[in-house]
1. Can you name every residue in the range 123-156 that is among the polar types (S, T, N, Q) and modelled with pLDDT under 85?
2. Among the residues of the range 89-122, how many are farther than 19 Å from A29 by Cβ, at pLDDT 70 or above and either open to solvent by 80 Å² or more (accessible area, probe 1.4 Å) or not basic (K, R) (or both)?
3. So D31 fits all but one of (1) at pLDDT 90 or above; (2) under 25 Å from the mean Cα position of the chain (by Cα); (3) surrounded by 14 or more Cβ atoms within 10 Å (Cβ to Cβ); (4) farther than 23 Å from A17 by Cα; what number is the exception?
4. Take the range 43-59 and flag every residue that is closer than 28 Å to C99 by Cα, open to solvent by less than 40 Å² (accessible area, probe 1.4 Å) and touching a Ser or Thr at 6+ places or on another chain (Cβ under 9 Å).
5. Go through the range 5-44 and count every residue that is more than 15 Å from I106 (Cβ to Cβ) and assigned to a helix (DSSP H, G or I).
6. I need every pair where a residue in the range 197-213 that is in contact (Cβ under 8 Å) with a residue 24 or more places away in the chain has its Cβ under 7 Å from the Cβ of a residue that is of a type in the set (K, R) and surrounded by 13 or more Cβ atoms within 10 Å (Cβ to Cβ), sequence separation at least 6 or different chains.
7. Just checking, how many residues over the range 178-198 are in contact with a Pro (Cβ under 8 Å, 6 or more places away or on another chain) and either over 13 Å from I132 (Cα atoms) or part of a loop (DSSP other than H, G, I, E, B) (or both)?
8. Search the range 172-185 for residues that are modelled with pLDDT of 80 or more and pair each with any residue that is part of a loop (DSSP other than H, G, I, E, B) and open to solvent by 30 Å² or more (accessible area, probe 1.4 Å) when their beta-carbon atoms are under 6 Å apart and the residues are at least 6 apart or on different chains.
Amino acid sequence: MKVVVQVKLLPTAQQAAALSATLSTCNQAADAASVVAFKEKAFSRNELQKLVYADLKAQFGLGAQAAVRTVKKVVDAYTTLRASVRAGNLGGPASKRRCKAEGKPIAFRSDAAQPYDDRLLSWRHDAGTVSIGERTGRGIALEDLGTIRDRVRPHQHQRAALSSWPFHQLGEHVAYKAARKGVPVLMVDAAYTSQTCPRCRHVSRRNRPSRDWFCCRRCGLAGPADVVAGVNVRNRARSAWAFVNMPQLEPTSKVA
């Protein structure tokens, strides 16, 4: 597993301007390469590099390494898009969001290395959550989804989407970043977190009338399904944390 270390650059004003100009040029080059990738359906690194490498160097003045990294950035963006589509995160084949995502080349803004709009599911492993935990003195609770493939029997058309979800990878990234900051991470049982009412503890599939909405059939508690599931994960983590950290009682000695 790779460990990512953040390094803060302290460039001079002249160096900062040069870096900004280089980044802007690379993203313009990425836009051009993205158009070619979309038109030619060239989504592998070797295939796209053969098509655009020479043009990126000639048209944008990029060096060899910058041209290669630009190609990789474009390929990675389309890989993320395809993974998001397979996982169903952009809706069905006829959804507006998916049609928008697949209907035009991915674009790159001039001040960042990531695609700029919400057409892609973000698989970036941001340290923001870990930073909040460090600042507030709290821990992080995650659902233990490592065995989900063994616990569910998806329909045939859902199998590709299920196998593409990076459960374990997300947990690993959060765990190692949290460990570096001293933030505790707890993995809790994911069973029925989206079907359990956090107020009255009633569990039923009927509590989820739709994918995005929760409404308890017993007490009437209602809200976004993801929020309810998050509350259940938090509550389970609190219970587990209290159990793990309870004081160990010393055995009492028998009085003769």
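The values are calculated or read from the model by the stated rules, or taken from the named source; none is laboratory data. Since we're looking at a predicted model, the values are computed, not measured. Neighbour counts run over all protein chains shown; Cβ positions are idealised from the backbone, glycine included. Only protein heavy atoms, including side chains, enter the accessible area calculation; ligands, DNA and RNA are left aside. Shrake-Rupley method; radii C 1.70, N 1.55, O 1.52, S 1.80 Å.
1. Correct list: T129, S131, T147, Q156.
2. 14
3. Every condition holds for D31 apart from (4).
4. Once the filter is applied, which keeps residues that are closer than 28 Å to C99 by Cα, open to solvent by less than 40 Å² (accessible area, probe 1.4 Å) and touching a Ser or Thr at 6+ places or on another chain (Cβ under 9 Å), the range 43-59 yields only V52.
5. Of the residues in that region, 13 qualify.
6. Close Cβ pairs (under 7 Å, with a partner that is of a type in the set (K, R) and surrounded by 13 or more Cβ atoms within 10 Å (Cβ to Cβ)) amount to C197/R218.
7. Of the residues in that region, 0 qualify.
8. P184/G139
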